[in-house]
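Comments concern the structure below.
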Amino acid sequence: MKLSQIKSFVTVARCGKFSQAAIELDLSQPTVSHAIATLEDDLGIQLLFRGKKGVNLTPAGESVLAHCYRILQSIEDIQQEANRYKSLGGGKVRISTFRGAAAQLLPKIRANFKTKYPQIEIKIAEEKDCPQVEQMVYEGQADVGFTTLPTSKDLETIEVLRDDYIVLLPPDSDLGFSVVNSPKLSWTQLLSIPIISYPNHNSCFREIKNYFKAEGYQFQPCEQVRESDTIINLVATGSGAAILPQLSVFHTPEGVTVGQLPTPLQRIVVAATPKDADLSHAVWALLDFLKQVDISQI
């Protein structure tokens with residue numbers, strides 16, 4: 001059994017197609033097909049069902065795939081240990097993060113961190129929302145997860161940043177002028193405008209819903225969409241207002257007014273690691289960096 005066979009099998013299983021796996025591995029499709037075929041011959045079992053629309057794992061393939069993932073992870077761990085001994089600053093940190101942090105926090109953090117540890121590789125994977133980030137860390141597929149409190153998994157956390165929620169008002173809003181002079185909205189004003197929000201399952205939606213509930217109100221958005229950019233563009237075209245955390249606001253369109261909630265609402269962004277885990281030198285270096293630096297100033 002060769003490492004190239006294992007890599008080919010894992011990639012094909014993930015991609016679902018030999019052609020896509022070949023592109024990702026930078027190999028020809030016949031080479032990938034041959035690697036899988038010889039692996040099946042070596043093992044004496046069929047790993048994949050092949051069809052016109054792609055491939056699917058056989059029951060045996062599903063079991064073997066789990067072992068292959070562990071083999072590749074062990075190889076990566078060995079390489080990381082080797083890097084650690086080659087250089088005090090060597091190694092790799094796999095970061096899983098929600099989109100706002102991926103776009104507005106991690107590029108700055110990585111750039112500043114690498115000025116101190118240029119040989120540590122930082123690999124960033126963007127997830128849909130915080131629960132997916134935490135699952136990646138919990139399962140060991142990421143070393144560090146950028147998420148928000150409270151976490152859904154039993155993880156160790158370090159506070160990174162406090163992210164304020166803001167109100168975005170459309171250009172034709174009657175509140176626009178008053179917000180410019182006094183950016184804090186009253187509850188009467190906030191309840192008088194239609195609000196566009198995330199879907200119910202989104203972590204930000206739940207925080208906003210609880211915020212309204214704590215004040216004795218029911219949060220009832222007029223429209224719900226998944227992406228922050230879509231919400232902001234809908235606000236810009238006058239479809240309604242929005243309550244968003246600042247990290248989710250990548251741009252403020254012309255004419256859109258930024259206001260403040262009646263009482264502050266923040267989400268606490270944290271760096272999460274597995275509890276009681278034996279963290280690598282590279283991960284410890286990143287965590288120590290996060291403890292010492294003021295993220296809002298970089």
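The values are calculated or read from the model by the stated rules, or taken from the named source; none is laboratory data. Predicted model only: the values in this text are computed from it and were never measured. Note that each Cβ is placed from the backbone with ideal geometry, even for glycine, and that neighbours are counted across all protein chains shown.
Before moving on, here are some points about what is shown:
- Residues in segment 112-126 that are in contact (Cβ under 8 Å) with a residue 24 or more places away in the chain and of a type outside the set (Ser, Thr, Tyr): 112, 113, 116, 118, 119, 120, 121, 122, 123, 124, 125, 126.
- Of the residues making up segment 14-65, those that are among the basic types (Lys, Arg) and in contact with a Gly (Cβ under 6 Å, 6 or more places away or on another chain) number 1.
- Residue 52 being surrounded by 15 or more Cβ atoms within 10 Å (Cβ to Cβ) and among the basic types (Lys, Arg): no
- So residue 266, is it touching a Phe, Trp or Tyr at 6+ places or on another chain (Cβ under 8 Å), touching a residue at least 12 places away in the same chain (Cβ under 8 Å) and not β-branched (Val, Ile, Thr): yes
- Helices (runs of 4 or more DSSP H) fully within segment 1-87 counting 1 or more residues that are under 26 Å from residue 140 (Cα atoms): 3-15, 18-25, 59-86
- Qualifying residue in segment 87-95 (condition: modelled with pLDDT under 90, exposed (fewer than 15 other Cβ atoms within 10 Å of the Cβ) and either more than 30 Å from the chain's Cα centre (by Cα) or closer than 30 Å to residue 108 by Cα (or both)): yes
- Note on segment 257-291: residues that are at negative phi, surrounded by fewer than 22 Cβ atoms within 10 Å (Cβ to Cβ) and not in a strand (DSSP E or B) amount to 18.
- Residues in segment 199-248 that are closer than 23 Å to residue 161 by Cα and touching a Lys or Arg at 6+ places or on another chain (Cβ under 7 Å) were compared, and the one that is surrounded by the most Cβ atoms within 10 Å (Cβ to Cβ) is 245.
- Segment 104-134: number of residues that are in a helix (DSSP H, G or I) and either touching a Pro at 6+ places or on another chain (Cβ under 9 Å) or of a type outside the set (Lys, Arg) (or both): 13
- Odd one out for residue 109 among (1) among the β-branched types (Val, Ile, Thr); (2) within 17 Å of the chain's Cα centre (by Cα); (3) assigned by TED's automatic domain parsing to the domain that holds residue 249: (3)
- Test set (1) outside any strand (DSSP E or B); (2) of a type in the set (Gly, Ala, Ser); (3) at negative phi - residue 140 fails condition number: (3)
- Out of 57, 47, sole residue that is touching a Ser or Thr at 6+ places or on another chain (Cβ under 8 Å) and not aromatic (Phe, Trp, Tyr): 47
- Counting the residues of segment 44-73 that are within 12 Å of residue 18 (Cα to Cα) and among the charged types (D, E, K, R) gives 3.
- For residue 101, the conditions (1) under 28 Å from residue 268 (Cα atoms); (2) small (Gly, Ala, Ser); (3) not in a helix (DSSP H, G or I) are fulfilled apart from (3).
- If the condition is being outside any strand (DSSP E or B), touching a Ser or Thr at 6+ places or on another chain (Cβ under 6 Å) and either hydrophobic (A, V, I, L, M, F, W, C) or assigned by TED's automatic domain parsing to the domain that holds residue 98 (or both), then segment 143-191 contributes only 179.
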